[in-house]
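As structure tokens, the structure follows; a few thoughts come after it.
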Amino acid sequence: MAKAMSSQNRVTPSAEGIAASAKAAGKHRGLPPVEKWDPPFCGDLDMKIARDGTWFYLGTPIGRRGLVKLFSSILKKEGEDYFLVTPVEKVGIQVEDAPFVAVDFEVHSPGPDQVLTFLTHVDDRASAGPAHPIRVERDPETGEPAPYVLIRRNLEALIDRKSFYRLVDLGHTGPHDGQEWFGVRSGGEFFPIIPASELPE
């Protein structure tokens, strides 16, 4: 649920208002420079990004892909909280897991110098490497892996299941923190997935 607004706030945030401000501010090439914007906090929107990348507003999926892409372009993370930011307002939203989903990747220069370029469901591209690391979290109870790749700023994408299986097919063992791990290389970096000792026989 959206938090109660402070009585000092004069504007009640809405998806329509945020979209209009984002469009007005985004009349240039590339992503809006949200890291340079520091507008006042205007409260929370009843907006959520589900684990599968679906955006919801007032409990209803946002069906217009162009609108989802617009909102995703003004997304900002501060600490563990997510906001939509324009030059004039900042509103909080809920994110179930990661804000993006990596739905595919391309392999360039297969072999030791390979580069894996990920594509998200909102058409962001990021080549895994030192600036865009891959990390894998494991459920402490089930051991199930949850793989992520950093897309832009400090915003990650959850790598979808089919892409993760492809990653595993490209994997090999290598040293990491003094141990042997199974992982994958990209952009000159080795990204560990699972300790080699835990690989099935």
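The values are calculated or read from the model by the stated rules, or taken from the named source; none is laboratory data. Keep in mind that this is a model prediction, so the values were computed, not measured. Positions of Cβ are generated from backbone atoms using ideal geometry, with glycine treated the same way; all protein chains shown enter the neighbour counts. What goes into the accessible areas is simple: the full protein's heavy atoms, side chains included, and nothing from ligands, DNA or RNA. Shrake-Rupley method; radii C 1.70, N 1.55, O 1.52, S 1.80 Å.
Out of curiosity, is residue 112 at pLDDT below 95, part of a loop (DSSP other than H, G, I, E, B) and crowded, with 19+ Cβ neighbours inside 10 Å? No; evaluated as a whole, the condition is false for this residue. Between a residue in region 80-99 that is among the acidic types (Asp, Glu) and any residue that is open to solvent by less than 30 Å² (accessible area, probe 1.4 Å) and not in a strand (DSSP E or B), which pairs come within a Cβ distance under 6 Å, given they are 6 or more apart or on different chains? Within 6 Å, the pairs are 89/39; 96/50. Of the residues that sit in region 181-201 and are free of Cβ contacts under 8 Å to residues at least 40 places away in the same chain and in a loop (DSSP other than H, G, I, E, B), which one is most open to solvent (accessible area, probe 1.4 Å)? The residue in question is 201.
Restricting attention to region 33-47, the residues that are buried (at least 16 other Cβ atoms within 10 Å of the Cβ) and either without any contact (Cβ under 8 Å) to a residue 40 or more places away in the chain or within 28 Å of residue 147 (Cβ to Cβ) (or both) total 2. Taken together, 97, 160 contain a single residue that is closer than 23 Å to residue 44 by Cβ, of a type outside the set (Val, Ile, Thr), in contact with a strand residue (DSSP E or B) (Cβ under 6 Å, 6 or more places away or on another chain) and surrounded by fewer than 21 Cβ atoms within 10 Å (Cβ to Cβ), which is 97. Figure legend. Inter-residue proximity from region 163-174: first residues open to solvent by less than 60 Å² (accessible area, probe 1.4 Å), second residues among the small types (Gly, Ala, Ser) and not in a loop (DSSP other than H, G, I, E, B), beta-carbon distance below 8 Å, spacing 6+ or different chains. Indicated pairs: 163/102; 171/183; 174/183. For region 131-157, a residue qualifies if it is within 20 Å of residue 49 (Cβ to Cβ), open to solvent by less than 80 Å² (accessible area, probe 1.4 Å) and either touching a Phe, Trp or Tyr at 6+ places or on another chain (Cβ under 6 Å) or touching a residue at least 60 places away in the same chain (Cβ under 8 Å) (or both), and the qualifying residues are 147, 149, 151, 152, 154, 155, 156, 157.
If the condition is being out of contact with any strand residue (DSSP E or B) (no Cβ under 7 Å at 6 or more places or on another chain), outside any loop (DSSP other than H, G, I, E, B) and over 13 Å from residue 22 (Cα atoms), then region 62-85 contributes 65, 78.
Does region 78-86 contain at least one residue that is in contact with a Gly (Cβ under 8 Å, 6 or more places away or on another chain), under 30 Å from residue 164 (Cα atoms) and either open to solvent by 60 Å² or more (accessible area, probe 1.4 Å) or modelled with pLDDT under 90 (or both)? Among the residues of region 78-86, at least one is in contact with a Gly (Cβ under 8 Å, 6 or more places away or on another chain), under 30 Å from residue 164 (Cα atoms) and either open to solvent by 60 Å² or more (accessible area, probe 1.4 Å) or modelled with pLDDT under 90 (or both), which makes the answer yes. Please verify whether residue 66 is at pLDDT below 95 and either surrounded by 14 or more Cβ atoms within 10 Å (Cβ to Cβ) or under 16 Å from residue 124 (Cα atoms) (or both), treating the condition exactly as stated. Answer is yes for this residue.
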